[in-house]
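The values are calculated or read from the model by the stated rules, or taken from the named source; none is laboratory data. Computed from a predicted model, the values in this text were never measured in an experiment. Every residue, glycine as well, gets a Cβ built from its backbone with ideal geometry; the counts of neighbours run over all protein chains shown. Heads up: the accessible areas ignore ligands, DNA and RNA and are worked out on the full protein's heavy atoms, side chains in. Shrake-Rupley method; radii C 1.70, N 1.55, O 1.52, S 1.80 Å.
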Amino acid sequence: MHRIVSLLPAATEIAAALGLMDQVVGVSHECDFPTEANEKPRVTRCAVHGAELASRDVDEWVRCALHDNGSIYTIDEPLLRKLQPNVILTQKLCDVCAVGYDTVARLAQTLPGPPRVVNLEPTSLADIFDDIRRVAATCDVLERAEKLIENLSERVEYVRERSARIPNRARCFLMEWVDPPFCSGHWGPELIEIAGGQNSLGRKHQPSAQIDWQQVLDARPDIIVLALCGYDIDRARRDYALLRRFPGFGSIPAAERGQVYVVNASAYLARPGPRIVDSLEILAGILHPTEFPEFVSRGPADPRVVRIG
C-alpha cells in the first residue's frame, strides 16, 4: 500500500482516475476534485488563495513573491512528516501552479525512506497521458492507466476526425489572464487545433506569456475563450467586465458577434489531468456548435462553460 501526497490538483485527479484515492494521505490547498480530495489533510498554503484581489494585484503579488522568495507557496513540513508519504506527486512545469520541484525534492530527502518524488511536467496532450502512465507505474497500477488512456484517446480521436472535415476554422483567442493579457501556452493551442480552430496568438508546447493588447486587436479573433488560470466562471465574469473596457474591444469580431465564452479554468484547460479531454470537448462545442451539439454550453448555469459575449 502506498502513502501518496499530491501537491497539485491535476495529480490528485490522476490518482483518483487510477483508483488510488484510498492511498492519498495528503493534498495541496487547491485540490478539490474529486470530492474525496476535500476530506484529505492539506499540506500547502498560499497567501492569496481565496483572496478577493483584482487580477492586476494578483499578478503583481505573484511576481514579487517569486522574486523575493522563489515561491508563492509554503509547505506544512510538520504535517508532511506526520503523514509519512512514500510517494510525492509534484511538478517542475510552473512556479505559479504548485510548490517548486527543487523545494519538494530537498525536503523529501530529509523524510524517512526517503519517499519517491514524481515530477509531472507536461507541455502537450501526449505528455499528459505519459504523466498518467508515470503515476500508475510508480503505484503499480499500469494496466489501469492503459485502459484509462485508451478511453481518453478514443474521445480525442472522435473530436479530431470530425473537426478535420470542417472547412471553416475560426480564429480563436484562448486567453489565460486578462490584466495583464496573457495568451495560452503548453497544450492549450494544441487543443484548439484538434477542436478545429486557429490560435495564432498561442504558444504551442511553450509557457504562456504576456502579450500586448494590440496583438489581440491585430489578430481579430472570431471567438474569445477566457480560460483564466485558477478562476471559476463567476470569478472570470468579473474580468470579462474589465476586458470590455480595453480600448478597441468592441471592434473585435468576437465582441461584435457575441462570441465570447468563459470556461471554468480551475477545473478545465488549466489542469493537465484526465479532464483535459473534457476541455477539448468544451472547445469543440464552442468552435463548432452545429457539428458538436453534445458539447455546447447548456446555458448560464452550466458549470463548465458559459457564453457571455
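Rounded to a whole number, what % of the accessible area of region 113-226 do carbon and sulfur atoms account for, probe 1.4 Å?
Working: 2280 of 5050 Å².
With neighbouring chains kept in place, the figure for region 113-226 is 45 percent.
Give the long-range amide H neighbours of VAL24: residues separated by 5 or more places, or on another chain, with amide H under 5 Å away, using H modelled in the peptide plane at 1.01 Å from N.
Sorted by chain and number, the residues that satisfy this are ILE4.
Which distance in nm do the two modelled labels at SER153 and ALA209 give, with both placed 7 Å along the Cα-to-Cβ direction?
For SER153 paired with ALA209, the spin-label model returns 3.3 nm.
Alpha carbon centre of region 151-192 versus region 256-278: separation in Å?
10 Å
Subtracting the Cα-Cα distance from 0.36 nm times the residue separation, let me have the gained length for ARG133 to ASP76 in nm, one decimal. Let's see the in-between values first.
Working: separation 57, 0.36 × 57 = 20.52 nm, distance 2.83 nm.
Working it through step by step, the gained length comes to 17.7 nm.
Reachable lysines from LYS92, Cα under 21 Å, same-chain residues fewer than 8 places away excluded?
By straight Cα distance, LYS92 reaches LYS204.
Can you give the local net charge around LEU174? Use residues other than it whose beta-carbon is closer than 12 angstrom to its beta-carbon, Lys and Arg +1, Asp and Glu -1.
Values: positive: ARG171, ARG203, LYS204; negative: GLU176, GLU190, GLU193.
Cβ neighbours under 12 Å give a net charge of 0.
Check which residues have an amide H placed less than 5 Å from ALA209's amide H, if you skip close sequence neighbours.
For ALA209, the qualifying residues are CYS183.
Going Cα to Cα from LYS40, which lysines come in below 20 Å? Please leave out same-chain ones fewer than 8 positions away.
LYS82
For SER251, what accessible surface area do you get with a 1.4 Å probe? Give it in Å², rounded to 10.
60 Å²
Residues of the chain: accessible area per residue at 1.4 Å, in Å²? Let's see the in-between values first.
Values: 13750 Å² over 309 residues.
In whole numbers, the chain has 44 Å² accessible per residue.
Suppose the chain between GLU146 and ALA241 were pulled fully straight at 0.36 nm per residue; how much longer would it get relative to their current alpha carbon spacing? Show your work: numbers first, answer last.
Details: separation 95, 0.36 × 95 = 34.20 nm, distance 4.33 nm.
Taking 0.36 nm per residue and subtracting the Cα distance, the gain is 29.9 nm.
Count neighbours as other Cβ atoms within 10 Å of each site's Cβ, and list the trypsin sites (Lys or Arg not before Pro) in region 215-309 that are DSSP loop with at most 15 such neighbours. Walk me through the numbers before you get to the answer.
Details: sites: ARG235, ARG237, ARG238, ARG244, ARG245, ARG257, ARG275, ARG298, ARG304, ARG307; in loops: ARG244, ARG245, ARG257, ARG275, ARG298, ARG304.
Those that pass, being in a loop and sparsely packed, are ARG244, ARG245, ARG257, ARG298.
What list of ³J(HN,Hα) values in whole Hz, one per residue of region 107-117 in order, does the Karplus curve 6.51 cos²θ - 1.76 cosθ + 1.60 (θ = phi - 60°) give from phi, with Gly and Pro shown as x?
Ordered by residue, 3J(HN,Hα) equals 5, 4, 5, 8, 8, x, x, x, x, 7, 9 Hz.
So which trypsin sites (Lys or Arg not before Pro) in region 127-195 pass both tests, a DSSP loop state and at most 15 other Cβ atoms within 10 Å of the Cβ? Working shown, then result.
Values: sites: ARG133, ARG134, ARG144, LYS147, ARG155, ARG160, ARG162, ARG165, ARG169, ARG171; in loops: ARG165, ARG169.
Sparse-neighbourhood loop trypsin sites (Lys or Arg not before Pro): ARG165.
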